[in-house]
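Okay, structure first, notes after.
The values are calculated or read from the model by the stated rules, or taken from the named source; none is laboratory data. As the structure is a prediction and not an experimental result, all values here were calculated from the model. Cβ placement follows ideal geometry from the backbone for every residue including glycine, while neighbour counts extend to all protein chains displayed.
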Amino acid sequence: MSNPSPEIIKLLAVFAVAFTAPTYAKVLVLIYGTILAPGRRTVTAALRAVGLQDEAHFTNYHRVLNRDRWSPWVVSKLLLGLIIRVLLPAEAPLLLVIDETLERRRGKKIKQKGWFRDPVRSTPRQVITALGLRWICLAILVPVPWSQRMWALPFMTVLALGEQTSARLDKRHRTLVAWAEHMIDKVRGWQPERELTLVGDGTYAAIVLIQRCQRFKKRVTLVSGLRLDARLFDFPGPQPKSKRGPKPKKGARQTKLAERLSDPLTAWQSLTLSLYGQEHRLEYVTSVCRWHTPGQDPVPIRWVLVRCPQDSFKPRAFCCSDTTTTPGQIILWASLRWNIEVTFEELRAQLGFETQRQWSVRAIERTTPALFGLFSLVTLMAKTLAFAKQTLKRNLQFLLSSPGTAAPPEQLVPQR
């Protein structure tokens, strides 16, 4: 294997602080080998790809995943900071997307496995379950110069055990919503001054998650799908001075969203948006209200009910924790969630997701998140090399046009 370019070495050097020097040297070998390896992404395949198939101490590379001491949370923080620095302008808001995916795995030694809904094989009428590991992935949406759509780059991936698996392993069970709260807490702590928007599907439409996003000193905007039978209420009116007791938390109940679809009196508004690379003419109705479920305090939200006159997709409803957000922006953010599904497919097709063969507890909790992060690293490498190539071309043109100049501007003032 030829030596990596100086740009790649400098890019990866950001992660050196997360490891000891010997471990970091082995991490670099595994990164290069995993990128170059065809087919399965195992430690053995990675070593073979870089010409170390006869390495006498090959077990040391396995220990990076199952024994060596390093924190995936620290690596996630460094990766997020690197993505922001390379692909986003300064002070730009962060658009995050969250979703879960299934890694189909079998084996008696895999203790964390469980039965989960298979999103690929299931249909609206029939739910198909599969045995494997369920992962929650938090990615950041960024523009890349070689694509018209935004890319979802994973930077944080955690294993979400099933309830029965947690009980069997005597571990505290965390729901998907609870994991989402924990993950957004981490990001808010790492980026306290940035504007954050979190986009998820209907799984993450939960009052507790909205409350968490609204309680931050610098709020996090949550956009998610909303059930058509959600309990929506008006804001409470002023309480008469003669009436004692606590002030009501909600007013009269609003018409269900499902009923608004068939109600001829619904005042639909028209809107044209570019979604999934095409222009769509939509009709929507929106309002600001309070969403309530029994046992929880109601929260203020803006809901948007969308339908397509051409019937190109089924009517959908979305909610946003920021009531000042426009309906068009909510619909646009919700449509961008699909980019993480593309990332999942690319991980399976290009980086061998589901071909790992680790089985120890620590190796499982580290290998798949590392593979997800590698997708983002490859994207950063491509962007860095493309910029270096453009800079070299501009420098050569400058030198040819001005032979008496000491140095071109790009060497004096590096640019993104």
Whichever residue in the stretch 29-39 is touching a residue at least 40 places away in the same chain (Cβ under 8 Å) and not hydrophobic (A, V, I, L, M, F, W, C) and, among such residues, is nearest to LEU374 (Cα to Cα):
THR34
Members of the stretch 247-291 found to be within 32 Å of the chain's Cα centre (by Cα), among the basic types (Lys, Arg) and either in a loop (DSSP other than H, G, I, E, B) or surrounded by 14 or more Cβ atoms within 10 Å (Cβ to Cβ) (or both), listed by number:
LYS256, ARG290
Considering only residues that are part of a loop (DSSP other than H, G, I, E, B), touching a helix residue (DSSP H, G or I) at 6+ places or on another chain (Cβ under 7 Å) and in contact (Cβ under 8 Å) with a residue 40 or more places away in the chain, look in the stretch 40-60 and name the one that is farthest from LEU371 (Cα to Cα).
VAL50
Could you grab the pairs with beta carbons closer than 6 Å, sequence gap of 6+ or different chains, first residue in the stretch 104-123 and over 21 Å from ASP201 (Cβ atoms) and modelled with pLDDT of 90 or more, second one exposed (fewer than 12 other Cβ atoms within 10 Å of the Cβ) and of a type in the set (S, T, N, Q)?
none
Looking only at residues that are more than 25 Å from the chain's Cα centre (by Cα) and not in a helix (DSSP H, G or I) in the stretch 8-38, which one is surrounded by the fewest Cβ atoms within 10 Å (Cβ to Cβ)?
PRO38
So which residues in the stretch 165-177 are surrounded by fewer than 16 Cβ atoms within 10 Å (Cβ to Cβ) and either within 22 Å of VAL74 (Cα to Cα) or of a type in the set (D, E, K, R) (or both)?
ARG168, ASP170, LYS171, ARG172
State which residue is surrounded by the most Cβ atoms within 10 Å (Cβ to Cβ) when the search covers only the stretch 192-230 and only residues that are assigned to a loop (DSSP other than H, G, I, E, B) and either touching a Phe, Trp or Tyr at 6+ places or on another chain (Cβ under 7 Å) or among the acidic types (Asp, Glu) (or both).
LEU226
Scan the helices (runs of 4 or more DSSP H) fully inside the stretch 304-416 and keep the ones with 3 or more residues being surrounded by fewer than 16 Cβ atoms within 10 Å (Cβ to Cβ) and modelled with pLDDT of 90 or more.
338-350, 361-401
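For every residue, the table says whether it meets (1) at pLDDT 95 or above; (2) in a loop (DSSP other than H, G, I, E, B); (3) under 14 Å from the mean Cα position of the chain (by Cα); (4) of a type outside the set (S, T, N, Q).
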residue	(1), (2), (3), (4)
PRO145	no, yes, no, yes
PRO154	yes, no, yes, yes
VAL158	yes, no, yes, yes
ALA178	yes, no, no, yes
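When you check GLN126 against the structure, is it touching a helix residue (DSSP H, G or I) at 6+ places or on another chain (Cβ under 9 Å), in a loop (DSSP other than H, G, I, E, B) and of a type in the set (S, T, N, Q), yes or no?
Judged against the criteria, GLN126 is not a match.
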Which pairs turn up if I take residues in the stretch 136-156 that are over 24 Å from THR368 (Cβ atoms) and look for partners that are assigned to a loop (DSSP other than H, G, I, E, B) and at pLDDT below 95 with beta carbon separation below 6 Å, at least 6 apart in sequence or on another chain?
PRO143/MET150
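Can you pull out the residues in the stretch 262-279 that are under 17 Å from GLN148 (Cα atoms) and of a type outside the set (A, V, I, L, M)?
Once the filter is applied, which keeps residues that are under 17 Å from GLN148 (Cα atoms) and of a type outside the set (A, V, I, L, M), the stretch 262-279 yields SER274, TYR276, GLY277, GLN278, GLU279.
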Is there a residue in the stretch 118-126 that is touching a strand residue (DSSP E or B) at 6+ places or on another chain (Cβ under 9 Å), over 27 Å from VAL220 (Cβ atoms) and crowded, with 17+ Cβ neighbours inside 10 Å?
no
Please enumerate the residues belonging to the stretch 72-92 that are in a loop (DSSP other than H, G, I, E, B) and either aliphatic (A, V, I, L, M) or at pLDDT 95 or above (or both).
LEU88, ALA90, ALA92
Cβ-Cβ below 8 Å, separation at least six or inter-chain, first residue in the stretch 361-384 and on the phi > 0 side of the Ramachandran plot, second assigned to a helix (DSSP H, G or I): which pairs?
none
